[in-house]
Amino acid sequence: MTRALYLDVAPGETRGVVTLDGRPERLLIARTDDLAGQTLGAVSVGRVRSIDRSLSSLFIDLGEGPDAVLPLNGEAGKLAEGAAIEVELVAEAHAEKGAVARLRGPADGAPRLLRPAPSLESALKAFAPEASVVTGQRAREAADIAESAALAIDHALPGGGSIAIEPTRALVAIDVDMGAASGDARRRSRAVNHAAIAQAARLLRLKALAGLVVIDLVGAGHDGAGLTAAAKVAFAPDDPGVSIGPISRFGLIQIVTPRRRRPISDRLCGATGAPTPATVALRMLRALEREGRADGGARLIAECAPDVERGAAPYIGLLAASLGRRFEILSNVASPPDRFEVTRR
């Protein structure tokens, strides 16, 4: 297996991509307005806001953003409300759940950031220390491909067949489809199931989906030992914290993976599943940057929905630093909320 690294730096947003044998495996996103204390690996002074023993959790005020959750075990069980402690974020917030923290020890003073998380580039390099980081247009293309795949539901399998990945409130459901096939059905279903497990592991890392994962395999009379061994190999990059259950008589395999980063769909999309105005705005700014570099003298006009124009406002200065003031963003109430148009004049 070969991993490659790509780093795309654009106005307001940096994206890092890890590919596995040419297919996107991880997508890391950092925006200029991210809360530093809410990022994986950040170390902060927090204060115990409340203790809920029924949930075996302490809720920690980090000074910015939602409270973090600290498991009520070990030394944490001795803490009282109001105590100042040093914590490290080991899992980012997602949906309606706060970030998860690890206790480092006692502290003094008000909640504040002590040490920011590793930079996106450093985090990217940790996945393939021997690989060089590709930048420029190739990185932009790799990031766009990774983003599209991360938001897709249906994914083709190498050799035929497909899987559909759909997160719910309780779990991530993965349906395996053998597709049209001829020949030995048993042999075919075995090959598709092995491919599905391998690709599911990669795509879950790409989408940053974790927790309980249920894969609905095709066929019957499964080779439990063989498929479990395949799952251990496929999910090895997610260790420590992976647990693989036996295949049920209904052809389901349950896998638990540790949650670390915020899901990409939460990062880029709203509650309806559509891209947020900020996401569309950042795509628009990348398009303006691309057109501006292609024609160094052109005047650029971007037309978009009002919410998208407002979403772009925090990043206008960053684009101006790259292109100069030769672009204009026009608000149009008739523009679809997920579309924009960039023209040269």
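For the range 263-337, which trypsin sites (Lys or Arg not before Pro) are both in a DSSP coil and crowded by at most 16 other Cβ atoms within 10 Å?
Loop-located and lightly packed - 299, 325, 326.
By its C-alpha gyration tensor, with a ≥ b ≥ c as the square roots of the eigenvalues, how is the range 301-345 shaped: rounded for a/c under 1.5, else prolate for a/b larger than b/c, else oblate?
Oblate.
Quick one: how many lysine pairs does the chain have with C-alpha atoms less than 27 Å apart and a gap of 8 or more or different chains? Give me the count, please.
Here the count comes out as 5.
Rank these by accessible area, largest first, 1.4 Å probe: 78, 97.
So the residues, ranked largest to smallest area, are 78, 97.
Given a 1.4 angstrom probe, I'd like the percentage of the accessible area of the chain that is carbon and sulfur, rounded to a whole number.
The value for the chain is 52 percent carbon and sulfur by accessible area.
Computed FRET efficiency, Cβ-Cβ of residue 145 and residue 318, R0 30 Å: what is it to the nearest 0.05?
After rounding, the FRET efficiency stands at 0.80.
Can you compute the modelled spin-label distance between residue 134 and residue 80, with each label point 7 Å from Cα toward Cβ, in nm?
So the label points at residue 134 and residue 80 sit 5.8 nm apart.
If you stretched the chain out fully between residue 310 and residue 9, how much longer would it get, using 0.36 nm times the residue separation minus the C-alpha to C-alpha distance?
Stretched fully, the residue 310-residue 9 segment lengthens by 106.2 nm.
With unit charges on the beta carbons (Lys and Arg positive, Asp and Glu negative) and the dipole taken about the Cα centre of the range 90-145, which residue among 132, 94, 106 sits farthest to the positive side?
Farthest along the dipole direction, towards plus: 106.
Nearest 0.05, what FRET efficiency do residue 344 and residue 272 give at R0 = 25 Å with Cβ-Cβ as r?
For R0 = 25 Å, the calculated efficiency reads 0.15.
Taking the Cα centre of each part, how many Å lie between the range 268-302 and the range 174-227?
37
Which residues' amide hydrogens lie under 5 Å from the amide hydrogen of residue 25, considering only partners 5 or more residues apart or on another chain, with H built in the peptide plane?
Those lying under 5 Å, H to H, from residue 25 are 18, 19, 20.
Expressed in nm to one decimal, what extension gain is obtained for the pair residue 50 and residue 23 from 0.36 nm per residue of sequence separation less their Cα-Cα distance?
Residue separation times 0.36 nm, minus the Cα-Cα distance, leaves 5.3 nm.
So what is the relative contact order of the chain, in percent, for Cα pairs below 8 Å that sit 6 or more residues apart?
Normalised by residue count, the contact order of the chain is 14 percent.
So how far apart, in nm, are the two label points at residue 1 and residue 287 if each is 7 Å from Cα heading toward Cβ?
Label-label distance for residue 1 and residue 287, simple model: 3.6 nm.
By how many nm would the segment from residue 252 to residue 229 lengthen if fully extended, with 0.36 nm per residue of separation less the alpha-carbon distance?
Result for the pair: 6.8 nm of gain on full extension.
Among rounded, prolate and oblate, which fits the chain when a ≥ b ≥ c are the square roots of the eigenvalues of its C-alpha gyration tensor, a/c under 1.5 means rounded, and a/b larger than b/c means prolate?
oblate
Run lengths n ≥ 4 of DSSP H only: what is the helix-derived mean residue ellipticity at 222 nm for the chain, with -39500 (n - 2.57) per run over all residues, to the nearest 500?
-8500 deg cm²/dmol
In nm, give the distance between the simple-model label positions of residue 187 and residue 330, each being 7 Å from the Cα along the Cα-to-Cβ direction.
6.3
With a 1.4 Å probe and every protein chain left in place, work out the accessible area per residue of the chain in Å², rounded to a whole number.
That works out to 49 Å² for each residue.
The values are calculated or read from the model by the stated rules, or taken from the named source; none is laboratory data. All values reported here derive from a predicted model rather than from experimental measurement. Glycine gets a Cβ as well: all are built from the backbone with ideal geometry, and neighbour counts include every protein chain shown. Only protein heavy atoms, including side chains, enter the accessible area calculation; ligands, DNA and RNA are left aside. Shrake-Rupley method; radii C 1.70, N 1.55, O 1.52, S 1.80 Å.
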